[in-house]
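Structure first, then comments.
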Amino acid sequence: MVTTHNLGFPRIGKHRELKFALEKYWSNAISQDELLQTANALRKQHWQNQDKLDWAPVGDFSFYDQVLDMSFLLGNVPERAKILSGNELDSYFRIARGRAFADESDCSCIQAGEMTKWFDTNYHYIVPEFNQNTRFELKAQHLLAQIKQAQKQGIKAKPVIIGPVTYLWLGKSKDETNKLDLLDSLVKVYVQLFDELAKLGIEWIQVDEPILVTELEADWRVAFRKTYDTLANKSIKLLLASYFGALQDNLSLACGLPVDGLHIDAINAKDEVQLVIDSLPNDKVLSLGVINGRNIWKTDLSATLLWLEPIHQQLQDRLWLAPSCSLLHVPVDLDSEQELEVEIKSWLGFAVQKLEELDILAQALNQGQATVTKEIASNIDAIYTRKYSSLVHNSEVKERLAKANDELGNRQSDYKSRAKLQSEKFNLPLYPTTTIGSFPQTLEIRQARRDYKSGALSQTNYIQVMQTEIKRCVQAQEELGLDVLVHGEPERNDMVEYFGQQLSGYAFSQFGWVQSYGSRCVKPPIIFGDIFRPKPMTLDWITYAQSLTNKPMKGMLTGPVTMLNWSFVRDDQPRSTTCLQLSLAIRDEVLDLEKADINIIQIDEAALREGLPLRKSQWRDYLDWAIKAYRISANSVRDETQIHTHMCYSEFNDIIESIAQMDADVITIETSRSDMVLLDIFDEFDYPNEIGPGVYDIHSPNIPSVASMVKLIQKAAQRIPDKRLWVNPDCGLKTRHWSEVNLALTNMVLASEQLRKGFL
């Protein structure tokens, strides 16, 4: 019999219950007990959603991030959080976001942990910190409590934890400590944990080691063998889980480790499956991730069964089936969607539906396809109609795409020539100040958008409300003394969704929320067909904002690679093809802005790096088409037009040459949480254009001091000539409150003024 299980379930709730509870807790609107009650209710519901599985995950629920949870379970809490008053949850949120509550005093606010992307997904994790004083100590009470809750509910619990080798690999040493020197002491805590789990009657534990799909140095391979030789445990069975890619040169390593089962991503590594079967000892379980855990298209059940049946005959009871990875990366339930076009909706599956597909596959293999005839027939119809639908294919888009070439991505002149013309045109001071684009999205703004969408607010009145907010933003920036202004983006719900709603080839859910980090949820658009721009998307808003000021106004766009990487992308053509379609649509918008005398245009590529394949050997192909797409979108303008781009939460040092090839006149980047460490690359690489390293962390409510920002820019000035430095926040300000923004930007402008005095 085939066994079914899941690697993880979305934790935010069908209606974002966790998000709203967290934000109420942080603002002191609910108590800790009320927050815990919400968590208990969500876990209970999620296990009910998974009650047909043979094994359900426990420990995948988190108040902020599963990696941060693991740090606390291992007792690896940064010293700056340990010394403050309050309970463990207070310390947890201080590391996650800099403070536990909105009204904490300055002495309770600390630097939040560094945040970066989880492999090549749009999920963020809090980076574990290590140093020579790092000591590990088991603090498993929260995981054990969740297991007891699941067992009480009658759930066959399979605890989910991050494996010790991946945990070390994900973290950063804050001094000269070699992370692998910590392995022995870390593994001892895992041994203690497994003993505790065995006492609760746990049979299987899922140990996630996703770094097995990356290129590992020899010492990390040795670390795997050493670790699992120690962890081999007769009282509990270990399911080693890899995902997001193929094992490749780590295949023999993974198959040879002394564990009881291995999970592999059969969506991204289908060609490896038979080789794994041949390499895996006959006493080990093989779990195949046959349902795509990162995209929302229905599984072709007939094709999957045709492929699985001989594998099932070969493995019999040793075959387990699951999604390819945790379902954290997809929305909860498609049944909530009532406004999607019926035909498009029939092609989709969210987390709940993916588990239903899993059950159909298992039933067909265990009891015969005759028992699921109706379900298979319905699936066949959906797969067929999508393949041949006129909604998907547009001949004019394909013809334009065929004519696109590299010449479309070249500027008229080199950067030095452009910089001279732009300097004369804008006459900006040393250390010019700007923001990344968005300003606070107030309740009034969100309500106006909801009312307009529902028909309760007319288009005329909606435009008036948005123009009033734009005017407020422009006036605020002029009073603050910023040099290059933005319109504040009040009309935009999301930097990708806003543009996708105006492009043909996109569809949008009502409740398709996915967690990005903490309480931050995004609703990725769905690219289902060929993409083109029917009409200008931002022109009216930007030109209105420019009419209110004599200062330069930046046009704000989202770049094609970020549009791609932050959407659910069609899987019936190469991602590079879809990205090039997007670049041509953005190009049209850039040219319209320039014609309207908007002479500074920012094209954000926040997600450029996260699209990198997990293996460096595959980077070149991705970067070639990604940089080409960006250049085509941006580089059609005159020399006098200044092109900006923005990247956030990216360890970009290893792709700096490709970033330079983008040839943006100005790039703004996240650097404050890393204390400008990300700029170390400029000691080795002579970046030719202008750069704005973020001087304060907008993901924390803490207000940066003038001195702290001056210090950060001075660090940057040691590597980059001051004439090419800009001063700006890390990212957009939409999630902050005006009271925070005014104080932070006031200090930022003062910091820039101090820097000018010091260098004039």
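The values are calculated or read from the model by the stated rules, or taken from the named source; none is laboratory data. As the structure is a prediction and not an experimental result, all values here were calculated from the model. Please note: Cβ atoms are built from the backbone with ideal geometry, for glycine as well, and neighbour counts cover all protein chains shown. Calculation scope for accessible area: heavy atoms of the full protein, side chains included, ligands and nucleic acids excluded. Shrake-Rupley method; radii C 1.70, N 1.55, O 1.52, S 1.80 Å.
The table below gives the values:
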read-out: Scan of segment 696-719 for residues that are at pLDDT 85 or above and of a type in the set (A, V, I, L, M, F, W, C), ordered by number; value: I703, V706, A707, M709, V710, L712, I713, A717
read-out: Of all residues in segment 530-563 being among the basic types (K, R) and within 28 Å of the chain's Cα centre (by Cα), the one that is nearest to S390 (Cα to Cα); value: R533
read-out: Restricting segment 178-199 to residues that are of a type in the set (A, V, I, L, M) and within 18 Å of D69 (Cβ to Cβ), the residue that is nearest to the chain's Cα centre (by Cα); value: L186
read-out: Subset tally (residues that are touching a helix residue (DSSP H, G or I) at 6+ places or on another chain (Cβ under 9 Å) and either of a type in the set (D, E) or part of a helix (DSSP H, G or I) (or both)) for segment 399-422; value: 6
read-out: Hits in segment 576-626 - residues which are open to solvent by 10 Å² or more (accessible area, probe 1.4 Å), among the aliphatic types (A, V, I, L, M), closer than 17 Å to L539 by Cα and assigned to a loop (DSSP other than H, G, I, E, B); value: A596
read-out: Count - residues of segment 203-215 that are over 23 Å from L275 (Cα atoms) and either of a type outside the set (A, V, I, L, M, F, W, C) or open to solvent by less than 10 Å² (accessible area, probe 1.4 Å) (or both); value: 2
read-out: Answer residue from segment 427-471, given it is part of a helix (DSSP H, G or I) and among the aliphatic types (A, V, I, L, M) and is nearest to L548 (Cα to Cα) among those; value: I470
read-out: All positions within segment 257-271 that are farther than 18 Å from R225 by Cβ, part of a loop (DSSP other than H, G, I, E, B) and open to solvent by 10 Å² or more (accessible area, probe 1.4 Å); value: I267, N268
read-out: The listed residue being of a type outside the set (S, T, N, Q) and open to solvent by 10 Å² or more (accessible area, probe 1.4 Å), out of L557, L548; value: L548
read-out: Members of segment 127-165 that are open to solvent by 50 Å² or more (accessible area, probe 1.4 Å) and either in contact with a Cys (Cβ under 7 Å, 6 or more places away or on another chain) or among the hydrophobic types (A, V, I, L, M, F, W, C) (or both); value: A145
read-out: Segment 286-333, subset assigned to a helix (DSSP H, G or I) and within 27 Å of G13 (Cβ to Cβ), residue nearest to the chain's Cα centre (by Cα); value: H329
read-out: Residue in segment 185-200 that is polar (S, T, N, Q), over 17 Å from F72 (Cα atoms) and modelled with pLDDT of 95 or more present; value: no
read-out: Candidate set from segment 677-706 (those that are touching a residue at least 12 places away in the same chain (Cβ under 8 Å), open to solvent by 20 Å² or more (accessible area, probe 1.4 Å) and aliphatic (A, V, I, L, M)); member that is nearest to R756 (Cα to Cα); value: V706
read-out: Unique residue being more than 17 Å from S516 (Cβ to Cβ) and under 26 Å from the mean Cα position of the chain (by Cα) when the list is F72, F119, F63; value: F72
read-out: Residue among A218, A254, A223, A241 that is out of contact with any strand residue (DSSP E or B) (no Cβ under 8 Å at 6 or more places or on another chain) and open to solvent by less than 30 Å² (accessible area, probe 1.4 Å); value: A223
read-out: Top-ranked residue of segment 88-109 - restricted to ones that are assigned to a loop (DSSP other than H, G, I, E, B) and touching a residue at least 40 places away in the same chain (Cβ under 8 Å), ranked as most open to solvent (accessible area, probe 1.4 Å); value: D103
read-out: Those strands (runs of 3 or more DSSP E) lying entirely in segment 493-557 with at least 1 residues of a type in the set (S, T, N, Q); value: 504-507, 514-517
read-out: Unmet requirement for A456, which otherwise passes all of (1) surrounded by fewer than 20 Cβ atoms within 10 Å (Cβ to Cβ); (2) among the small types (G, A, S); (3) closer than 23 Å to P693 by Cα; value: (3)
read-out: In segment 522-545, the residues that are within 15 Å of V496 (Cα to Cα), open to solvent by less than 10 Å² (accessible area, probe 1.4 Å) and of a type in the set (A, V, I, L, M, F, W, C); value: I526, I527, I531, M537
read-out: Test: residue in segment 275-285 that is assigned to a helix (DSSP H, G or I) and acidic (D, E); value: yes
read-out: S346 vs. criteria open to solvent by less than 20 Å² (accessible area, probe 1.4 Å) and in contact (Cβ under 8 Å) with a residue 24 or more places away in the chain; value: no
read-out: Residue list for segment 652-677, restricted to those being modelled with pLDDT under 80 and either out of contact with any helix residue (DSSP H, G or I) (no Cβ under 7 Å at 6 or more places or on another chain) or not in a loop (DSSP other than H, G, I, E, B) (or both); value: N653, E670, R673, S674, D675, V677
read-out: Filter result for K723 (in a loop (DSSP other than H, G, I, E, B), open to solvent by 30 Å² or more (accessible area, probe 1.4 Å), in contact (Cβ under 8 Å) with a residue 12 or more places away in the chain and not polar (S, T, N, Q)); value: no
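Every residue, every condition in (1) β-branched (V, I, T); (2) open to solvent by less than 60 Å² (accessible area, probe 1.4 Å); (3) at pLDDT below 95, yes or no:
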{"residue": "S417", "(1), (2), (3)": "no, yes, no"}
{"residue": "K425", "(1), (2), (3)": "no, no, no"}
{"residue": "T433", "(1), (2), (3)": "yes, yes, no"}
{"residue": "G437", "(1), (2), (3)": "no, yes, yes"}
{"residue": "T442", "(1), (2), (3)": "yes, yes, yes"}
{"residue": "R449", "(1), (2), (3)": "no, yes, yes"}
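One line per residue, one yes/no per condition, for (1) touching a Leu at 6+ places or on another chain (Cβ under 7 Å); (2) assigned to a loop (DSSP other than H, G, I, E, B):
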site: M709; (1), (2): no, no
site: Q714; (1), (2): no, no
site: G732; (1), (2): no, yes
site: T735; (1), (2): no, yes
site: E740; (1), (2): no, no
site: L745; (1), (2): yes, no
site: V749; (1), (2): yes, no
site: S752; (1), (2): no, no
site: L755; (1), (2): no, no
